[in-house]
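Colleague: Sharing a structure here in structure tokens format.
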Amino acid sequence: MNRVCIIFNPAARGEKSRRLLDRLRRTVGDSVIRVTKFPGDAEAQTERALEQGYRVVVAAGGDGTVNEVVNGLNGTAATLGILPLGTINVFGMELGIPVQLESAWEVILRGKTRRVDLPRVGEQRFVQLAGVGLDAEILARTHWWTRKTFGPISYLLSAVGLLGRSAPLLDVTLDGKETHQGRFLLVGNGRFYGGRFAVFPDARLDDGLLDGCLFSELNAVAVARYVQGVLSRRHTRFSDVLYFQAKTLSVQSTRPVPLEVDGELYGHTPCTFSLAPAELEVIVP
Ligand SMILES: Nc1ncnc2c1ncn2[C@@H]1O[C@H](COP(=O)(O)OP(=O)(O)OP(=O)(O)O)[C@@H](O)[C@H]1O
């Protein structure tokens, strides 16, 4: 197998992954492990690993760590491996990578790969999903210690405070042609969002298309209906939800609306999404 460098995020899973370092060392034997020191460090460490000749870089953390490693790979020919040590690991779930550390390492040792599309917003690549509006606002309002203490429920607490407010309208233009309006946008590369929730039922990681859901309303009743719709897989048929596929989309709004990619805050509107077909080679079961 090509030389492997593992980038380990001790702060993943609300700082709990720190405890996994010894088990990770035992599992991977002589393979090199580099521990990130601050947010953004996985990207810098990936660039350094490439300069040092590593051709497989393994993201050991959650979706945020995978995102940073992929941005560090920067479209090079190097291969991504994943050890899903984060809170939810949606991209690993999409690829069928086992959550058990030793099993996930076995997958990396076997070294079977596939190529997947790599979407981006502006210059920032993402692997699984992005959101404009509600979910990014929730992330912005959920303090790290609340996340650490209450876990995923903390996002729900922030959401309750947000739903009473009026959200600016988003103008979403698909492939430079038709423009649609809504108040909350989700963009996906794969099917899942936030867990095994198929928000984008037609999405394929290698179809050369972005999938999106544009939601028209943002009051508590509408959001509860959308959640129910996602759970029962009927939301794409709702009259106030636009489900679409496109190669590019641009988003404008009367005032800046925050944006998240792979679960991390990243800038605000206006923004443009695009996709590089089959840009990423990733190790899969
Ligand atoms: N040494 C570090 N100290 C603090 N934060 C770090 C460190 N290394 C990486 N990070 C940051 O940790 C964040 C969370 O990482 P990741 O998404 O991989 O894990 P997660 O378990 O899914 O996240 P969360 O616990 O926030 O749900 C990322 O924003 C990343 O930049």
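The values are calculated or read from the model by the stated rules, or taken from the named source; none is laboratory data. Every value quoted in this text rests on a predicted model; they were computed, and no experiment measured them. Here the Cβ positions follow ideal geometry from the backbone for every residue, glycine too, while neighbour counts run over all protein chains shown. To get the accessible areas, we keep the full protein, side chains included, count just its heavy atoms, and leave off ligands, DNA and RNA. Shrake-Rupley method; radii C 1.70, N 1.55, O 1.52, S 1.80 Å.
Colleague: Accessible area per residue of segment 4-111 at 1.4 Å probe, in Å²?
Modeller: Accessible area per residue, segment 4-111: 41 Å².
Colleague: If you average the sequence gap of Cα pairs under 8 Å that are 6 or more apart and divide by the length of the chain, what percent do you get for the contact order?
Modeller: It comes to 22 percent, rounded to a whole number.
Colleague: What residues have an amide H closer than 5 Å to that of Leu280, excluding those fewer than 5 places away on the same chain, when H is modeled at 1.01 Å from N in the peptide plane?
Modeller: Val116, Leu118
Colleague: Hey, another quick one. Using the Karplus equation 6.51 cos²θ - 1.76 cosθ + 1.60 (θ = phi - 60°), what ³J(HN,Hα) coupling, rounded to whole Hz, does each residue of segment 246-256 give in order, writing x for Gly and Pro?
Modeller: These are the phi-based 3J(HN,Hα) values: 7, 8, 9, 8, 10, 10, 10, 7, 5, 9, x Hz.
Colleague: If segment 4-111 were replaced by its equivalent ellipsoid, with semi-axes equal to the square roots of 5 times the Cα gyration tensor eigenvalues, what would those be, largest first, whole Å?
Modeller: 18, 15, 14
Colleague: Further, regarding this structure: In whole angstrom, and with the biggest value first, how far do the Cα coordinates of the chain range along each principal axis?
Modeller: That works out to 55, 41, 33 Å along the principal axes.
Colleague: Which peptide among 184-191, 58-65 comes first, and what is the full order, when sorted by highest mean count of other Cβ atoms within 10 Å?
Modeller: Top to bottom by mean Cβ count within 10 Å: 58-65, 184-191.
Colleague: In whole Hz and in residue order, list the ³J(HN,Hα) couplings for segment 70-87 that follow from phi through the Karplus curve 6.51 cos²θ - 1.76 cosθ + 1.60, θ = phi - 60°; x for Gly and Pro.
Modeller: Values per residue, Gly and Pro as x: 4, 5, x, 5, 6, x, 6, 7, 5, 9, 8, x, 10, 10, x, 10, x, 5 Hz.
Colleague: Okay, moving on. Under a cut-off of 17 Å between alpha-carbon atoms, report the aspartates and glutamates in cross-link reach of Lys16, not counting same-chain residues fewer than 8 places apart.
Modeller: Hits, sequence-local ones excluded: Asp63.
Colleague: Under a point spin-label approximation (7 Å from Cα along Cα-to-Cβ), what is the Arg204-Val35 distance to one decimal in nm?
Modeller: Result for the modelled spin labels: 4.3 nm.
Colleague: Still on this structure, please answer the following. Please compute the per residue accessible area over segment 125-277 with all protein chains in place, 1.4 Å probe, rounded to a whole number of Å². Write down the numbers at each step before the final one.
Modeller: Numbers: 7430 Å² over 153 residues.
Using a 1.4 Å probe on heavy atoms only, each residue of segment 125-277 averages 49 Å².
Colleague: Leaving out ligands, DNA and RNA, what percent of the accessible area of the chain is carbon and sulfur, probe 1.4 Å?
Modeller: Details: 6870 of 13120 Å².
Heavy-atom surface of the chain belonging to carbon and sulfur, 1.4 Å probe: 52 percent.
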